[in-house]
């Protein structure tokens, strides 16, 4: 989150902008746990209502909310981008986004055409605003870093994903002929998982792995061309699906390289965030290997484990980032305003607290995989998901209460 030349209070968005998006994501995460308890093992049938509802709760409600919050915080850092009127702009995105996600989840379950239309309008409006607002400022940067370059491609991939989603909801609402429904659905999934979630995570890795863990830098050629090559492959796979395996191999290669970089870290002390990063990267490798295996031997259990592993990849990295961002923002904003009692980062979230969450998260992923073969364990999985996201929701609430308590005390340094 730090830039080489530092981050000023004027650059950073107000803390409430980021915390509000993070908290909304954690609430959707808790909802996803209740969905697992309700739909049970039908979530492993990709064509079921349960699978559709849970998938979009996780990808939209959870992952996209977390990632938008992280981008609001990190754009001033990785790209020097400053968003004016951040509170108003974030609300103009978050409120219609929330309406759109809720409408879509109800649309899947009630199959009402007006709910599909409502979700398309609100999600399209909010996300297109977010994408264009960020892209406009990113494209004006004279000198791009690997992170800013990758974020641009990730945002373009999100734009494609949303456009394709509008076609799908139009078909489901009965206003489209749906002749290309399955083909568009596959492309929508690919751009969403690999072009948006995967590429955004790897783009952030260029910045934070070296910065947080003091590792050697990534090779310059990878930083310069990796995002472009991924995007090119995503387009090429539309016409030549056989190239999917090359895409998977690239993800495996980058994950292995990042694991190797983490093994070279100069800071000997390890914390829970490294555990989350390693789990996420190993999950990415497992997911890609299973997708390659599925292309050779199409067994549905292999595909289900691949998708669970990909979710583990995304959420593990998100949790790793949250346990850096939340304590840092709490300390940074109070310290920058001159408060005497600005808490140190470990006082906001203790490292042992984060490590306990890691074991909860690991148990959640393992129980989900086992429940494919032992159905009764799906109830344990649902409870663990609720506990996992409830855990992170509590950390956000705790940090915000601590922030407000110190802010209300009014004890500041006197600046001349």
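Which one is nearest to residue 236 (Cα to Cα) among residues in segment 172-190 that are without any contact (Cβ under 8 Å) to a residue 24 or more places away in the chain and outside any helix (DSSP H, G or I)? Top of the filtered list is 180.
Within segment 250-258, can one find any residue that is under 22 Å from the mean Cα position of the chain (by Cα) and more than 13 Å from residue 202 (Cα to Cα)?
No, the conditions are met nowhere in segment 250-258.
Just wondering, is there one or more residues in segment 281-291 that are out of contact with any helix residue (DSSP H, G or I) (no Cβ under 8 Å at 6 or more places or on another chain), surrounded by fewer than 20 Cβ atoms within 10 Å (Cβ to Cβ) and assigned to a helix (DSSP H, G or I)? Scanning segment 281-291 turns up no residue that is out of contact with any helix residue (DSSP H, G or I) (no Cβ under 8 Å at 6 or more places or on another chain), surrounded by fewer than 20 Cβ atoms within 10 Å (Cβ to Cβ) and assigned to a helix (DSSP H, G or I). Applying the set (1) touching a residue at least 24 places away in the same chain (Cβ under 8 Å); (2) within 20 Å of residue 327 (Cβ to Cβ) to residue 344 leaves exactly one unmet item: (1).
Within segment 368-395, take every residue that is surrounded by 20 or more Cβ atoms within 10 Å (Cβ to Cβ) and either over 20 Å from residue 45 (Cα atoms) or without any contact (Cβ under 8 Å) to a residue 12 or more places away in the chain (or both) and give me the one that is farthest from the chain's Cα centre (by Cα). Only one residue tops the list, namely 384.
Scan segment 182-202 and give yes if some residue there is surrounded by fewer than 18 Cβ atoms within 10 Å (Cβ to Cβ), at pLDDT below 95 and touching a helix residue (DSSP H, G or I) at 6+ places or on another chain (Cβ under 7 Å), otherwise no. Yes, there is a match, as at least one residue in segment 182-202 is surrounded by fewer than 18 Cβ atoms within 10 Å (Cβ to Cβ), at pLDDT below 95 and touching a helix residue (DSSP H, G or I) at 6+ places or on another chain (Cβ under 7 Å). Within segment 143-171, the set of residues being in contact (Cβ under 8 Å) with a residue 40 or more places away in the chain, over 23 Å from residue 75 (Cβ atoms) and surrounded by fewer than 21 Cβ atoms within 10 Å (Cβ to Cβ) comprises 166, 170. On inspection, residue 233 passes the criterion of being without any contact (Cβ under 8 Å) to a residue 60 or more places away in the chain, touching a helix residue (DSSP H, G or I) at 6+ places or on another chain (Cβ under 9 Å) and outside any loop (DSSP other than H, G, I, E, B).
Scanning segment 138-145 turns up no residue that is part of a helix (DSSP H, G or I), at pLDDT 95 or above and under 17 Å from residue 70 (Cβ atoms). Tally the residues that are within 19 Å of residue 115 (Cα to Cα) and more than 16 Å from the chain's Cα centre (by Cα), restricting the search to segment 126-161. The total comes to 1. Residue by residue through segment 109-142, note down the ones that are buried (at least 20 other Cβ atoms within 10 Å of the Cβ), touching a residue at least 60 places away in the same chain (Cβ under 8 Å) and more than 28 Å from residue 226 (Cβ to Cβ). Within segment 109-142, just 123 meets the criteria. With respect to residue 317, is the statement that it is crowded, with 21+ Cβ neighbours inside 10 Å, more than 16 Å from residue 205 (Cβ to Cβ), within 21 Å of the chain's Cα centre (by Cα) and in contact (Cβ under 8 Å) with a residue 24 or more places away in the chain true? When the stated conditions are applied, residue 317 does not pass them. Within segment 148-161, not a single residue is out of contact with any helix residue (DSSP H, G or I) (no Cβ under 8 Å at 6 or more places or on another chain), closer than 17 Å to residue 192 by Cβ and at pLDDT 95 or above.
Just for segment 236-250: of the residues that are part of a helix (DSSP H, G or I) and out of contact with any helix residue (DSSP H, G or I) (no Cβ under 7 Å at 6 or more places or on another chain), which one is farthest from residue 291 (Cα to Cα)?
Among residues in segment 236-250 that are part of a helix (DSSP H, G or I) and out of contact with any helix residue (DSSP H, G or I) (no Cβ under 7 Å at 6 or more places or on another chain), the one farthest from residue 291 (Cα to Cα) is 239.
Would it be correct to say that residue 305 is free of Cβ contacts under 8 Å to residues at least 12 places away in the same chain and more than 19 Å from the chain's Cα centre (by Cα)? So residue 305 does not fit the description; no. One residue alone among 193, 168 is part of a helix (DSSP H, G or I) and either over 18 Å from the mean Cα position of the chain (by Cα) or under 20 Å from residue 21 (Cβ atoms) (or both), and that residue is 168.
From the list 99, 43, 93, 36, which one is at pLDDT 95 or above and either surrounded by fewer than 16 Cβ atoms within 10 Å (Cβ to Cβ) or more than 27 Å from residue 365 (Cβ to Cβ) (or both)? Only one candidate qualifies: 99. Selection of helices (runs of 4 or more DSSP H) fully inside segment 35-128 by the criterion of at least 1 residues being touching a strand residue (DSSP E or B) at 6+ places or on another chain (Cβ under 9 Å) and within 30 Å of residue 207 (Cβ to Cβ) returns nothing.
The values are calculated or read from the model by the stated rules, or taken from the named source; none is laboratory data. The shown structure was predicted, so the numbers you read here are calculated from the model rather than taken from an experiment. Reconstructed Cβ throughout: ideal geometry from the backbone, glycine too, with neighbour counts over all protein chains shown.
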